[in-house]
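See below for the structure under consideration.
The values are calculated or read from the model by the stated rules, or taken from the named source; none is laboratory data. Since the model is a prediction, treat every value here as computed from it, not as a measurement. No Cβ is skipped: glycine too gets one built from the backbone with ideal geometry, and neighbour counts run over all protein chains shown.
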């Protein structure tokens, strides 16, 4: 689902980019164990993740998708001279790519925005090659049930009734055929988790 104006600002400010570059992405990179020549970023936003991914993984091919055409326009404008980078308006629950097209799929906190999150994870699995990796950092419904998540819930437009719990997310990945490793309790977030899922077959 599309972000409201408050969330749009929150995802397009320098602080968000700083945390993503200096904390989230390096931590996910340390989990990676496979070659990553062809990378898909779901929910690419304004392209901040693309530049970070090029710095950390040096892919031969990068594709970023986002449901919001405003984000795709910003990403194309701000991406500069990233070699072989493509930004496409698209829906993570219906990816327009063939099976086994990517070595790595990156999720910087986007799946919790998707009402049909199971469909999104199924598409991640379909478009990864066997042995490929899904590196994710995301927010389960538990986020909005404690601490500062409770007041933030009033201003953030999320599909709370359909949103996953952490264990549901992990269980779904395992049911699809992933081997899953997760971590949690970041000092930069009130409740989120991150991890690596390897496609077994």
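Restricting attention to the range 128-153, the residues that are over 21 Å from residue 90 (Cα atoms) and surrounded by fewer than 20 Cβ atoms within 10 Å (Cβ to Cβ) add up to 12.
With respect to the numbered conditions (1) modelled with pLDDT of 90 or more; (2) closer than 27 Å to residue 199 by Cβ, which one is the sole condition not fulfilled by residue 68? (2) is the only condition that residue 68 fails. Surrounded by fewer than 19 Cβ atoms within 10 Å (Cβ to Cβ) and modelled with pLDDT of 95 or more, is that true of residue 179? Spelling it out, residue 179 is indeed surrounded by fewer than 19 Cβ atoms within 10 Å (Cβ to Cβ) and modelled with pLDDT of 95 or more. Selection of the range 108-127 for residues being buried (at least 24 other Cβ atoms within 10 Å of the Cβ) and under 12 Å from residue 197 (Cα atoms) yields 121, 124. Tell me which residues, restricted to the range 89-107, are outside any loop (DSSP other than H, G, I, E, B) and either surrounded by 16 or more Cβ atoms within 10 Å (Cβ to Cβ) or in contact (Cβ under 8 Å) with a residue 40 or more places away in the chain (or both). Those that are outside any loop (DSSP other than H, G, I, E, B) and either surrounded by 16 or more Cβ atoms within 10 Å (Cβ to Cβ) or in contact (Cβ under 8 Å) with a residue 40 or more places away in the chain (or both): 102, 103, 104, 105, 106, 107. Among residues of the range 113-125 that are on the phi < 0 side of the Ramachandran plot, those with a Cβ under 6 angstrom from a residue that is part of a helix (DSSP H, G or I) and surrounded by fewer than 22 Cβ atoms within 10 Å (Cβ to Cβ), sequence gap 6+ or separate chain, pair up as 118/172; 121/172; 125/176.
Surrounded by 15 or more Cβ atoms within 10 Å (Cβ to Cβ), at negative phi and part of a loop (DSSP other than H, G, I, E, B): is that true of residue 156 in this structure?
Taking the combined requirement at face value, the residue satisfies it.
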